[in-house]
Amino acid sequence: MKICPSRVVILSVLMLFIGKANFTIVLENNGYTKIVVAISENVPQPPDNGVALINDLKALLTETSAVLFQATGNRVYFKNIDILLPPTWTKTTPSTPSLTSTHSYQLADIRLTNEPVNSASGSLPYTLHSGKCGVNGNFITLPTEYLEDVATNLKVQAKGLVQQWAQLRYGVFEEHGYPNDELLPYFYRHPNGYDAVTSSNDTEIKGTLEKLSGGNCEVNENGIISDQGNCRFVPTATEQTATTSLMSFHWLDTVIGFSEKDKHDRRPPHRQNRLCNSKSSAEVMANSPDFNNVPPNPGQVTTPEFQLLKNLMLPVVYVAMDTSFPANPNNTNSQAQNLWKRGVKNLFFLLVESYPETLVAYSTFENIDFGPEGSYLKEKYPLKRIADGYYDLIAIVDNLVVSQDVLSRDVSAVIRDGEARLRQYKDTGGSILYLVTSTDSVTNDTVIETDLAERLMQNNIKLVVAETGLSDGKSLSRFSVLSQGGYYFKPTWDSSYFTPVNNEVDNIFKNGLKTQRRIITSRKDSITTSTPCSGSFSIDETLGTNTTLALSLPKEGSFTITLTNPSGEVVTLPNEPEVTNWNYPDSTVRLIWQKLADDTVIGRWSYQVAYDTTSCSSCETQPEIHLQIGSSIRSATSPALPTFQPWVSLTTSSGFVDISEHPAVIQTRFEYANSNLGGLIVTADVILNSVVKASIPLFDTGLIDPDISKDGIYSGIFYPDTDGNYKVNLYAVHGASVKEGGRLLSPDQNSYCCGSSLPTSTLNYFQFTAREAIAFEVRNAVTGTFPPEFLPMVSDIKASTYGIDNNLVYAELKWSVPSNTMSQVVKYSEDYEQLLNNFEAALVATIVYGSLNDIQAGTAIAVYVSAPYTTGKSVYFVVETTATNSQKSRSHVVWTESNPPENAFTTPGPTTEAPSTTTQESTSSTTSATTSTTESPIITSTSTADSSIDSSTTQMSSTTEVLTSIASSEPTSSDSPTPTDTTSSTVSTSTTGSTASTSTTLDSTTISSSTSAATTTSTTTASTTTASTTTASTTTASTTTASTTTASTTTASTTTPSTTESVTTPSTATTSATTPMSSTTTESPASSTTDSTISTLSTTTASTATDSTTESVSVSSTLDTTDSTISVTSTEVPGGGGDGDGLTSAEIGYIVGGVVGGIVVIGAITGGVILYKKKHGGGGGSMPPSTSNNGRSGPSERAGFSNTPYPPSTPYTYNTTPANANNGRQVESFEPAAQNNDRLGITFEDEDMCMTAM
């Protein structure tokens, strides 16, 4: 083969390397450049070699550019885009791609992928968001399936991608909710009492409410939707006038822009409201540097320029040659030296023949390391394609001369400098450090073996060592094991010396660099004779061979290691001789090196290091030691080791974090079994100049700012006060049961499930340490003020209405304490605009039960508050937290019902006795109904760190504290007030002929328990309160027959809309006919009842608070009943359920950013949907009571949404206007007008059930 150097190609490669430092998207003259769209290796090359796929991708990106340009007022568009093809595509594509070594899928802005079948994102794109408002996202995942509709639905697909771009580039969030989502509900309870669609639009959107199972959704006269999990708002295809927002109903033809300040409802519970202080998308985008001094350019051509690239993902090869005089005299003659020169030249020939695109560099070293870091390894030939530099490299090796008067070398400095030069290729194929050296290395102890071994593995650098010399002076044998390297030793060079060395390099190229080893724990700590260093570490199912324990410590003093396996047995370690750092006899650092037997037992191990100074008069009293434990993959058939990706969100169009613009958001994820690892406790130590500046817990609860969803992505915020170059050490350990980013609303609304939570995988006993996992630069560090949205904020507030007592309204508020909190306060107002715009003028709510004193990050706060009540008005609440720098941030708004029930507030008692119940009796024949719900805690099951975290490990201590706080469950039953003398249910029955009309008026009452109990009263004006206690009990008034599971009546010739709903804690839940736990309402319109019985049998999970809720129901039907028995059996698992299952108990108990027990959380999607009713001129047709949950399991609706006894004329008035009349309201007014047909924007279309969205 003839090798012909190509200077042009060399120049192009050099240019690529010069541009390597900055892959950030740049805005130039209205156009975005340096956008990288990469196709994953999991996308097979199609039969047409990818022509159609690439054309569809170009068409989508071209249309996206045009839509973005229009949506931003003719300001920005895509100017040029690099499309990176996968290395597995070997056939010719439409045009030959240019080769690159600086781009990769892992670094791309948009990543086209065939996601696993079990992916919850389905065919929809999503953005991995930073979690902070106005801060760049990380990348967009674009499923290949999304391209399938490009040919027929290009504009809609492009608008969906614009929504994701806005999240990625401008840091905004979606403005819609998700069905069955506990944090971001699809429907929320408007303060005026009706259910509304979570959305954002500048005027009404017309549409219908339709069941996924077919037919129209069921809505009562007050606008309350039943079976919400099976219900969707379907906008009509025509007659729409709304132009915003692309962040919600983007697929509508008329929607072309982002939500704007003057037409943005700041209350609905979507992420944009919750996380951006209720600002519109346009307000947030206006603060982006992209729109500073960028005028509109209406005549701009928006078609991007495309370039096809391909990275073969070949590792870089960096050769380092020792030119010091060899340690073994047998290697000094010319014949011996020619042998190793031939071996290196054979390596170059292998690469140029088989891998001509490989980048190769050549350097030399000798003598002791005298200069500054980075100067020891002398680069003689910079990185170039081997095909371009082969002959130059051969000439350099041929002319190499050994320095006869230099007798030493420092291999630690060689590897240190090599690692620093090669770490940049971590994600573009990795690198091989090919080291040819001699034994008897010296060191000045500036580099410790264990530290450097971690960095090589961390940065995907494979060390391949060819060492000769005296066998007792091996410098790199142990280090190669620690760093997952390849080690080859012979005392003298011979003709076969380099054959196995070069074969290993060839195998690496054929199979790719793969992570085969992991550092489990790496701990630096001080030790004394009286305080041993003890802790634990975990071995999971993927590890178990070459498990090593390396302990770096002072040379003086006696140290003893005791190791205990998961069965509690003390393990006898082999008596390995103590050595020194890099085997240099004069090193001041001693190294105890122990290797466990292969197939190390899976589970939690413990260790103890004891220190003894009795034989040493000059020993340090408190020396520092460094313990490192690592292990390699268990077997060739074991699952691949988890990989991790850490990042820090950089400032727009820059390669650093500008603190004057936003804080540093640190995130990481661990990928395993085609999904992210959940259930981890993760800590980030942020280091500046070798000093830990902060130890930050990274959360994945979806509750602690900036973590926005439970998705296996762990997030935290760092507020530096000093400019500089920071490094981050990451520590992770399996320890909590937790369950991705900004999601796109599907036009069919059938294929998505979870906005705030997605499935994750679990790896028991997983433990991981990555020192210097991330490096980032900070500029413009400030000690002053940040915008409120940059501060840690309460992002998961939820609430429930307790009731009215002596002209005060009582509510229970719950939230998680954000990071960096010094104090917190609750304020209230009847005007939510005051809380948003003039918070200082708002009054402080009275804390009647509970405390705000616990400010540990992640602590679950639960308090009862009171505020003055005005009849017919909701009271709004906001939590303000003050950070360590005295800056303040505020939660989104929650509110009470406008007409809550009278309910005397009683301080919780010391026991879990059932709350008292007062009923009124009458001689009238009535039908009684009982409704009770249990509010689920935010975290239903979170284990503490006692069995999975080394409590003595310094870097994990803060995380352990946080986990303990998070794991604390919601207040138990003894913590809830006891309602007394309360009328919460009015059920009346009147019969005329064969037609019975049942009217049920229900309201919300919060009570607490462990196990449910039913209390039923039969009266003309019945007062019913349902309480749950540790033991089941039943109180029945005016009954003929009653059992412990029966709510019965003396006479009932009508349907009985009765519901008993409750949730028990795991320790008290039973499945028994005597312990009613949950039920749904069932209606029998054509049966006769003498004794009406409701029997419940259910199993429910993890709940601590019970909310008794009733609502207004009007039923008209023809009845001839003699007996009616309703029996309901259900099984509830919080957070479960798919389409049609409705809200789960978790959603019922709270809807963060939604409605909880009558309190709506503001901060989600703007606008709402005004609900519909059938067109009737008088009494409505037969409708099920709103307590009927239909397909829902358990007590979903009661605690999830409030039900206020509105007068029949509020909020709906029977419409007598012609069909198709649209009596719409203006978006600027969110309160209903005086009672007339225009106040709710109701649209009627004949007998169809219609609605409008606001």
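The values are calculated or read from the model by the stated rules, or taken from the named source; none is laboratory data. Only a predicted model underlies this, so the values are computations on that prediction, with no experimental measurement involved. No Cβ is skipped: glycine too gets one built from the backbone with ideal geometry, and neighbour counts run over all protein chains shown. Just the protein is used for accessible areas: all its heavy atoms, side chains included, with ligands, DNA and RNA removed. Shrake-Rupley method; radii C 1.70, N 1.55, O 1.52, S 1.80 Å.
Computed values, structure above
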| quantity | calculated |
| --- | --- |
| Charge context of residue 313, other residues only, Cβ under 13 angstrom, K/R +1, D/E -1 | +1 |
| With every protein chain in place, region 218-267: carbon and sulfur % of accessible area (1.4 Å) | 49 |
| Cα-only Debye scattering, region 164-321: base-10 log of I(q)/I(0) at q = 0.13, 0.19 Å⁻¹ | -0.73, -1.25 |
| Gain upon complete extension [residue 49, residue 213; 0.36 nm per residue less C-alpha separation] | 54.9 nm |
| Heavy-atom surface of region 199-292, accessible at 1.4 Å and reported per residue (Å²) | 29 |
| Carbon plus sulfur fraction of accessible area for region 784-836, probe 1.4 Å, in percent | 48 |
| Viscosity 0.692 mPa s, 37 °C: Kirkwood-radius Stokes-Einstein D of region 336-397 over Cα pairs, µm²/s | 257 |
| Proportion of all alpha-carbon pairs of region 44-160 beyond 23 Å (%) | 35 |
| Compactness relative to 2.2 N^0.38 Å, alpha carbon Rg of region 451-529 | 1.35 |
| Share of carbon and sulfur in the accessible heavy-atom surface of region 563-612 [1.4 Å probe, %] | 48 |
| Per residue solvent-accessible surface (Å²) - region 406-526, probe of 1.4 Å | 29 |
| Cα-Cα over 18 Å, subset of 462/510; 155/263; 132/710; 524/693; 798/827; 132/888 | 155/263 |
| Relative packing of peptides 64-73, 493-502, 532-541 - highest average C-beta neighbours within 10 Å first | 64-73, 532-541, 493-502 |
| Spatial separation of Cα centroids for region 860-912 and region 442-519, in angstrom | 63 |
| Simple label model, 7 Å out from Cα along Cβ direction - residue 334 to residue 616, nm | 5.2 |
| For region 488-610, average projected area of the Cα convex hull in nm² | 10.6 |
| Rh by Kirkwood over Cα pairs, then Stokes-Einstein D for region 355-479 at 1.002 mPa s and 20 °C, µm²/s | 138 |
| Label-point gap, in nm, between residue 26 and residue 401 - each point 7 angstrom along Cα→Cβ | 4.5 |
| Accessible solvent surface per residue of region 800-876, calculated while the other protein chains remain in place, 1.4 angstrom probe, Å² | 38 |
| Region 119-212: translational diffusion in µm²/s, Stokes-Einstein, Kirkwood Rh over Cα pairs, 10 °C, 1.306 mPa s | 103 |
| Added length on full extension, which subtracts the Cα-Cα distance from 0.36 nm per residue, residue 637 to residue 541 | 33.4 nm |
| Full-stretch length increase - residue 392, residue 477 - with 0.36 nm per residue and alpha-carbon distance subtracted | 27.4 nm |
| Gap separating the Cα centres of region 299-321 and region 588-660, nearest whole Å | 35 |
| Calculated FRET value between residue 511 and residue 764, using beta carbons and R₀ = 30 Å, to 0.05 | 0.55 |
